[in-house]
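Single-structure report; data block below.
The values are calculated or read from the model by the stated rules, or taken from the named source; none is laboratory data. Please read these numbers as outputs of a predicted model, since none were measured by experiment. Neighbour counts are summed over all protein chains in view; Cβ atoms, including those assigned to glycine, are modelled from backbone coordinates with ideal geometry. SASA here: full protein model, heavy atoms, side chains in, ligands and nucleic acids out. Shrake-Rupley method; radii C 1.70, N 1.55, O 1.52, S 1.80 Å.
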Amino acid sequence: TVSPEGRLLLDGRPVRAAGVNYYNAFVRTLSSPPRPHPEEGFRKLSERGIPFLRFSAGGYWPVEWELYRTNRESYFQKLDSLVRSAESNHLGLIPSLFWNLATIPDVVGEPIGSWGNSSSRTVEYMREYTRLVVSRYRLSPAIWAWEFGNEYNLPADLPNAAEHRPPIVPTLGTPTRRGASDDLTHAQFRSALVEFTREVRRWDSERAVFSGNAFPRASAWHQMQEHGWGRDTSEQWDSMLAADNPDPVNTLSGRLYSPEDASRIREAMTVSMQIRKPLFVGEFGVSREKGQAAMSLFREQIALLDAAGIPLAALWVYDFDDQEGDWNVTSANNRSAMLDAVVELNSQWRTNAVPQQDR
């Protein structure tokens, strides 16, 4: 939850926690044939003291929503199994309900800009799925928070949007063409965020709600206001960070990958304190392409998260075979030291959270 002062609380007490993105913990069960259940991965995370995971609580491609559309009992049995596994392993969950911005519009046959129309089939579909998921799992102790989607702010108001429209893969359920109505704007995704959070609040009045955004682009204000690439002032960037996480969303979201991200962490924390919305760094990590420098750079990220006072952060990405060549981290591959560093960070944060008189 979020306190009136803007602090992130877990079971009513201030919390700092570093978890992992287990992106396909649920999506893997929707593939044909389904991949192994994440139970073993959950057990290993629990054994290491990793407190929570962020995951996609719905398919990435339209075809991965087919089971939900045709056999909801079977669909929710799979999601029930994941939630029960998290409960038994004492893991927190942050389900991201609409990971890919194009998927729901593609499912219902509307352009992506329909996210900005509160009467569209896209938004109605979003409301229904949100209602079913939140009402079903709101009593689970595993659910830490709810999240809308993944980085909807990054493609918003791009001056070259026509060059960056979502992929066209009809075999996976996308349309055969896209046009200008598929170019998302800040106004559209902010409207969708408000509608999502209102629906969450009908069923869960307490838990934190995350947008799932990255930090705003360095030119985000100029993109929205002038349709150009001019670099924003600090004041303009701060205003975009706040506006991209509109009330009733009660948190801020960001990423830590690039030097630009690193330069914004403390600034984002200042905004967080000013508007009383705790910051979730929903993804951080270093790719294999950094070679021998990767672990050193990763430890710099860990140190920055610690020093800046970030309350919640999640490593990208755990047990995701599709990214074995660049991002995947497990307890058994040659990037396991990154998981060790997250374990160490949690141990440090837990120790520091204990009041002096209780040590």
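Specify the longest stretch of the chain that does not include any exposed loop site, a site being one of the GluC sites (Glu not before Pro) with a non-H, G, I, E, B DSSP assignment and at most 15 other Cβ atoms within 10 Å.
Working: sites that count: Glu5, Glu206, Glu324.
Here the longest segment lacking exposed loop sites spans 6-205.
Would you mind classifying the stretch 144-270 by shape? Square roots of the alpha carbon gyration tensor eigenvalues, ordered a ≥ b ≥ c; an a/c under 1.5 is rounded, otherwise it is prolate if a/b is larger than b/c and oblate if not. It is oblate, given that a/c is not under 1.5 and a/b is not larger than b/c.
Calculated from the alpha-carbon coordinates, the stretch 268-321 shows an Rg and a Dmax of 13.2, 40 Å respectively.
Its DSSP H runs of at least 4 residues, each contributing -39,500 (n - 2.57), put the calculated 222 nm mean residue ellipticity of the chain at -12500 deg cm²/dmol, to the nearest 500. Carbon and sulfur: what percent of the chain's accessible surface (1.4 Å probe)? About 49 percent, which is the carbon plus sulfur part of the accessible surface.
One chain, two ends: Arg7 and Gln323. Fully extended at 0.36 nm per residue, the span grows by 110.4 nm beyond their Cα-Cα distance.
Ordered by solvent-accessible area of protein heavy atoms (1.4 Å probe), largest first, the residues His90, His186, His227, His37 come out as His90, His227, His37, His186.
With a 1.4 Å probe and all protein chains left in place, how much accessible area per residue does the chain have, in Å²?
Ligands and nucleic acids excluded, the result is 42 Å² per residue.
Distance between the modelled labels on Asp80 and Ala337, one decimal in nanometres: 4.5 nm (7 Å Cα→Cβ projection). What FRET efficiency comes out for Leu297 versus Asn71 if R0 is 35 angstrom and r is the Cβ-Cβ distance? Round to the nearest 0.05. According to the calculation, E is roughly 0.20. Legend: calculated FRET efficiency, Asn352 to His90, from the Cβ-Cβ distance at R0 = 25 Å, rounded to 0.05, equals 0.75.
Applying D = kT/(6 pi eta Rh) to the chain, where Rh is the Kirkwood radius over alpha-carbon pairs, T corresponds to 20 °C and eta to 1.002 mPa s, the Stokes-Einstein value obtained is 103 µm²/s.
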